Structure formats: structure tokens, C-alpha cells
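Contents: one structure, followed by commentary.
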Amino acid sequence: MSKLLGTSLLILWLQSDWVKSQQKNSDQQKVKQNPPSLSVTEGEISILNCDYDNIMLNYFHWYRNYPAKSPTFLISIGSVLEKNEDGRFTVFHNRNAKHLSLHISASQPGDSALYLCAGHHTVLPRHLQPVLKRALGTQTQRHTDLLPIIPGSVRS
């Protein structure tokens with residue numbers, strides 16, 4: 001118990017209401033996050049969970065949101081993958097259970113923030129300039145990438 005006095009506590013929040021507000025119809029895909037908040041000791045692993053009810057989701061994204069700032073992208077995973085790792089962030093996916101978990105290793109005071117889990121239905125395709133093929137009789141091809149929707153703004 002005395003060891004805890006010298007360490008920092010981190011508080012991580014999940015905001016399921018933000019995810020629900022991004023849905024156009026309550027009968028569409030749903031993403032549920034838990035626990036609503038988490039307190040961990042500095043240096044420990046933080047685990048945040050996300051469950052969904054639609055097997056048609058292709059990608060899942062985790063974002064971190066500091067107060068008075070826009071959410072920033074952390075990590076994503078495709079629906080056919082079981083694990084994706086990027087630095088201290090690892091996301092695990094269990095397709096059969098429709099469950100994801102974000103693991104933050106070696107938690108730091110700077111990790112205290114709001115964390116958001118989103119399925120592919122909350123991202124928009126962004127069209128880039130067309131790429132022309134040189135051969136005659138072929139059509140122009142368009143390439144797309146994913147752009148997250150940030151509350152209060154739409155990018156094109």
C-alpha cells in the first residue's frame with residue numbers, strides 16, 4: 001500500500017454516447033464500450049473493451065480525445081485480423097464474440113483521456129485525384145482512403 005503513494009494514477013474514460021450519436025438510425029450497427037472509466041497505476045497495462053453487434057463491420061478504429069481538443073487516431077484493426085500492435089498500443093479482436101480490446105502498455109500520466117472505439121460505418125471515403133492509365137481504351141481509376149469523422153467537422 002505504501003508503494004502506491006509515490007505513483008501516479010491514470011484515469012481513462014470511454015465515451016459510448018459519442019459513438020451512438022454518430023449513428024443515423026438506432027437500428028443500425030451499435031458499438032458499446034466498457035468500462036465507463038478506468039483507474040490504473042502508472043506503468044501498468046490499461047485494458048479498454050468494445051463490443052459490436054454487426055458482423056458486417058470491416059474495420060475498427062480507436063481514438064484518444066484530450067479535453068478541448070479533437071480526437072486523434074491511435075490504432076485500427078481489420079475485421080479478419082486478431083491482433084494489431086503499434087508501439088504501446090495493441091488491439092485484440094475476437095470476431096466470434098464480436099469483441100475488441102485496446103491494451104495500453106506501461107501506462108503514463110499522458111494517457112489520461114477519453115478513448116473512442118468506432119466501426120467502419122463512422123468513417124467516410126475520401127476521393128483523391130484520379131490516376132489515368134496510359135493505354136488506350138482504359139478508364140480512369142479512383143483511389144480512396146478512409147478519413148475519420150470528427151465531431152463538429154466534416155472534411156472532404
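Read-outs: derived from the displayed coordinates by stated rules, not from any lab. This is a predicted model, so every value here is computed, not measured. When we count neighbours, we look across all protein chains shown, and the Cβ atoms used for this are built from the backbone with ideal geometry, even at glycine.
Legend: ranking of residues ILE104, ILE45, ILE77 from fewest to most surrounding C-beta atoms inside 10 Å; resulting order ILE45, ILE77, ILE104. Run the numbers for SER70 and ALA97: contour at 0.36 nm per residue of separation, minus the present Cα-Cα distance, in nm. Extending this stretch completely gives an extra 6.7 nm.
In order along region 104-110, phi translates into HN-Hα couplings of 10, 7, 6, 3, 10, x, x Hz, rounded to whole numbers, per the Karplus curve 6.51 cos²θ - 1.76 cosθ + 1.60 with θ = phi - 60° and x for Gly and Pro.
In sequence order, region 65-82 has phi-based couplings of 10, 8, x, 6, 10, 7, x, 10, 5, 10, 6, 9, 8, x, 5, 8, 8, 9 Hz under the Karplus curve 6.51 cos²θ - 1.76 cosθ + 1.60, θ = phi - 60°, and Gly or Pro positions carry x. Here's the picture: a label point sits 7 Å out from the Cα of LYS32 along the beta-carbon direction, and within region 41-66 the residues with their amide nitrogen under 15 Å of it are 49-55.
Extending 7 Å from Cα along the Cβ direction at ILE45 and again at ALA106 yields two label points whose distance is 1.5 nm. The residues ARG95, ARG88, when put in order of fewest to most other Cβ atoms within 10 Å, stand as ARG95, ARG88. Across region 39-47, coupling constants 3J(HN,Hα) worked out from phi with the 6.51/-1.76/1.60 Karplus curve, θ = phi - 60°, read 10, 9, 7, 3, x, 7, 8, 9, 10 Hz, and Gly and Pro carry x.
Within a 10 angstrom radius of the beta carbon, how do VAL40, VAL31, VAL80 rank from fewest other beta carbons to most? Working shown, then result.
On the way: VAL40 19, VAL31 24, VAL80 8.
The most exposed by this proxy come first: VAL80, VAL40, VAL31.
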